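Worksheet: one structure, shown below.
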Amino acid sequence: MDQFSKDGRKLRPRKKVSTTEAEHPQHGSYNAGRREGGYHKAEGGYSQHREGGYRSEGGQHREGGYHKNYGHSPEGGQHREGGYGQNREGGYRKNSGYRQKGGYRKSFNDSPRPAPKYSDDSFTPVQEEVRLNKFIANSGVCSRREADTMIQAGVVTVNGEVVTELGTKVNVFNDVVKFNGETLRGEAKVYLVMNKPRGYVTTASDPHAEKTVMDLLKACTTRVYPVGRLDKATTGVLMFTNDGEIAERLTHPSYDKKKIYQVTLNRPLTDEDRDRILAGLELSDGPMAADALEFIDETDHRKAGIEIHSGKNRVVRRLFEAAGYEVRALDRVYFAGLTKKGLKKGEWRYLTESEVNILKMGAYV
């Protein structure tokens, strides 16, 4: 028989629940009768929505949902007392709506949100104009300081005209920059480290040198240059790059990062002379002291490890010479956060992405 409300509207007949469903409710699964959700007192929370709900194994709500009960569900999942699921505000977005504290508030406008418009403040545009010395350095020719010297020497042209004024800017897309008649182009930055062997001169080119470190880089197809110098008789960590800015930073006198060397002397180092070197000795270009000086082998005090921050030329050799010793062997084992681990004498490798990032940020001691 049809039923009517007080105002005369026809009422829908109620759906009959089978005995099986009444006795064995489907805990934690989708409710066929309540596809849109609803509140279950027995469960202490909201029923499943298509956007989430809780797992049939009793796991936590992914999109939210409120649990009054505290403790473990029958299936072994954990419910937090009075808490929400992963959405801490207790809801999810559906048609731009937002659930707040277990309820659902429909937005005033259910239309899709328009794509964001980017303003000048939301991104950094490509810098079209840069200083000429920076352009030259980024091309891998030399550092910025050296580029200034070349510009003043009149060996750099822009669009066919010689430029000698420092601070001149060029357009990286339209201007043609030449150095000694050769067109300069931006190159992909390359960084590598070598375990320099004895007997090789650290230079990009030297017609008078029998062997240079560049002879060991024939397999490298990119034009790179050594960062700093190691004496012909000095071995160890030597870095190469075509990044002029990085090279300048690492070789600048203000560069204040440690370098570690292993030294072999002509005679055992006495404790008194060790303390003198740590305290500081007067060299031809001013006083100089080691930051740390330790014996590598307690049974052989001719071998020691020395740590310095100075970028002065041949400073380690000159320190020991000032103390009355002759350096028989000198090996650099640490520079710019790099070591020679895994590299035999004469071998080299490209830096990893993480090493390059650390190098650029200067995030090393």
Margin query: Taking the conditions exactly as written (of a type in the set (Val, Ile, Thr), touching a Gly at 6+ places or on another chain (Cβ under 9 Å) and buried (at least 17 other Cβ atoms within 10 Å of the Cβ)), does Thr202 satisfy them or not?
Written below: yes
Next item on the list: For segment 131-171, enumerate the residues that are touching a residue at least 40 places away in the same chain (Cβ under 8 Å), farther than 19 Å from Leu250 by Cα and surrounded by fewer than 16 Cβ atoms within 10 Å (Cβ to Cβ).
Entry: Lys169, Asn171
Next item on the list: Select from segment 182-219 the residues that are more than 18 Å from Gly244 (Cβ to Cβ) and free of Cβ contacts under 8 Å to residues at least 24 places away in the same chain and list them in ascending order.
Entry: Asp206, Pro207, His208, Ala209, Glu210, Lys211, Thr212, Asp215, Lys218, Ala219
Next item on the list: Give segment 347-361 a look and list any residue that's buried (at least 16 other Cβ atoms within 10 Å of the Cβ) and part of a loop (DSSP other than H, G, I, E, B), or say none.
Entry: Leu351
Next item on the list: Residues being surrounded by fewer than 16 Cβ atoms within 10 Å (Cβ to Cβ), farther than 19 Å from Thr235 by Cα and modelled with pLDDT of 90 or more: count how many of those fall in segment 177-199.
Entry: 1
Next item on the list: Test Lys340 against the stated conditions and say whether it is of a type outside the set (Phe, Trp, Tyr), assigned to a strand (DSSP E or B) and crowded, with 17+ Cβ neighbours inside 10 Å.
Entry: no
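The values are calculated or read from the model by the stated rules, or taken from the named source; none is laboratory data. Only a predicted model underlies this, so the values are computations on that prediction, with no experimental measurement involved. With ideal geometry, Cβ positions are generated from the backbone for all residues, glycine too; neighbour counts draw on all protein chains shown.
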